[in-house]
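The values are calculated or read from the model by the stated rules, or taken from the named source; none is laboratory data. Keep in mind that this is a model prediction, so the values were computed, not measured. A quick note on method: Cβ atoms are made from the backbone with ideal geometry, for glycine too, and the neighbour counts reach across all protein chains shown.
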Amino acid sequence: MKKNVLIFTAYYYPSIKAGGPVQSIKNLVDNLSDYFNFYIVTSDRDLGDSQPFTDIKTEEWIDVGNAKVFYVDNKHLSLMKTSKIINDTPCKVMYLNSFFSLKHSIFPLILIKLKVIKMKKTILTPRGEFSIGALAIKKRKKQLFIGISKKMKLHKSIEWHATNEKEHKEITDIFSDSSNVTIINNLTPDYSKMSYTKEILKESGNLKIIYIARIHPIKNLLQIINLLNYVDGDIEFNIYGPIEDVKYWEKCEGSIRNLKKNIHIKYCGTIQHSKVIDIYNRHHISALLTFGENFGHSISEAMIGGCPVIISDKTPWRELEKNNVGFDIPLKDEKKIIDSLQYFVDMNNTDYQKISKKAFEYSQNKSNNNIDIETYKKIFY
């Protein structure tokens, strides 16, 4: 008999603006739906949108893929309403996908604290919220809540899910008395039956770069734009993703206007996730000099799309140069970043096809394994 699991998350499919956490949860549901019935409470609109999704019923449980989903306007999600939604489900296991989300983490934990709802097990995964880069944004507000939550012992009885060793340390650095932390990798789609299909040719002196991520300071798009000015060759750089921080994007636009004539940058808007691999297949490399990634679904997807990557050393994807699939570089080492970009510009088609296929195979081999799936089953039981 399948066990029932209740998931709270600020955003879920068909959200395309909220980034990796949406894909993390969808992959989790798709990989484990043979073992669990998943109930998901989430927002009725995408990140930053004032209007709800069209053609989706709200305020009731509906079937979405392999889960039942309750879409709700967060403005109307009070403590009382949250308790009713929870108590109307058969779930006794709850999985929270944020530490700081008021409606999708704090409210459920307050209801447990007040004994308004009862759960046999509550698991919380911070989804990168405890990284140095993430905590630096609205730092005082976050530090205040961490202090309050400790005094209230709001997280005393929960179990923690870290997606890598780094996040495990981040959790225990803040909650030093938390020994109940399980490390399980984020799951990916099933790539095992995919074949390498890259067709784009590579001429020495030309390079097509792609960026797919939110336009936000933590993704550090501005640095890669500025460094392109020091690279020779004909470079096309296509940027995809929602503009989450308008002022930051204006800074990026200012730098774009000052680029040399050999650099051609285009903002291409947002993209449906189903089209992501195809878009990567039309480019040579992916660039993401992020200040921090909990997992980095876009990095995995880029390599599945045959794109070697130039990324920061602030993600779980390390030793890429050693594996001949790209570069993970400290952000302070700008010379190395520039040299890596020039390396790909100068590369000929024969060498490019080799590294492109190697990137695909590397990501394919790094995708789901049975140990991760079995460990997920254990924490939900």
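The table below gives the values:
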{"quantity": "Any hit, the stretch 335-346, residues being in the same structural domain as L221 (by TED's automatic domain parsing) and touching a helix residue (DSSP H, G or I) at 6+ places or on another chain (Cβ under 6 Å)", "calculated": "yes"}
{"quantity": "Single match in Y39, Y35 (criterion: closer than 16 Å to E59 by Cα and aromatic (F, W, Y))", "calculated": "Y39"}
{"quantity": "Any hit, the stretch 355-375, residues being acidic (D, E), closer than 29 Å to I132 by Cβ and either in the same structural domain as L228 (by TED's automatic domain parsing) or more than 16 Å from the chain's Cα centre (by Cα) (or both)", "calculated": "yes"}
{"quantity": "Qualifying position, being in contact with a Leu (Cβ under 7 Å, 6 or more places away or on another chain) and either surrounded by 15 or more Cβ atoms within 10 Å (Cβ to Cβ) or free of Cβ contacts under 8 Å to residues at least 12 places away in the same chain (or both), among I371, I338, I329", "calculated": "I338"}
{"quantity": "Qualifying residue in the stretch 284-292 (condition: within 17 Å of the chain's Cα centre (by Cα) and without any contact (Cβ under 8 Å) to a residue 40 or more places away in the chain)", "calculated": "no"}
{"quantity": "Matching option when the condition is more than 26 Å from G241 (Cα to Cα), touching a Leu at 6+ places or on another chain (Cβ under 8 Å), outside the structural domain of G296 (by TED's automatic domain parsing) and not aromatic (F, W, Y), among L77, L124, L114", "calculated": "L124"}
{"quantity": "Residue count for the stretch 153-211, restricted to those that are of a type in the set (S, T, Y) and more than 20 Å from N31 (Cβ to Cβ)", "calculated": "10"}
{"quantity": "Those strands (runs of 3 or more DSSP E) lying entirely in the stretch 1-92 with at least 1 residues surrounded by 14 or more Cβ atoms within 10 Å (Cβ to Cβ) and hydroxyl-bearing (S, T, Y)", "calculated": "36-43, 67-72"}
{"quantity": "So K261, is it assigned to a loop (DSSP other than H, G, I, E, B) and free of Cβ contacts under 8 Å to residues at least 24 places away in the same chain", "calculated": "yes"}
{"quantity": "Some residue of the stretch 318-326 being of a type in the set (K, R), in contact with an Asp or Glu (Cβ under 7 Å, 6 or more places away or on another chain), surrounded by fewer than 18 Cβ atoms within 10 Å (Cβ to Cβ) and within 21 Å of G128 (Cβ to Cβ)", "calculated": "yes"}
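Yes/no matrix, rows are residues, columns are (1) in contact with a helix residue (DSSP H, G or I) (Cβ under 8 Å, 6 or more places away or on another chain); (2) at pLDDT 95 or above:
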| site | (1), (2) |
| --- | --- |
| H161 | yes, yes |
| K166 | no, no |
| D173 | no, no |
| S176 | no, no |
| N186 | yes, no |
| E199 | yes, no |
| E203 | yes, yes |
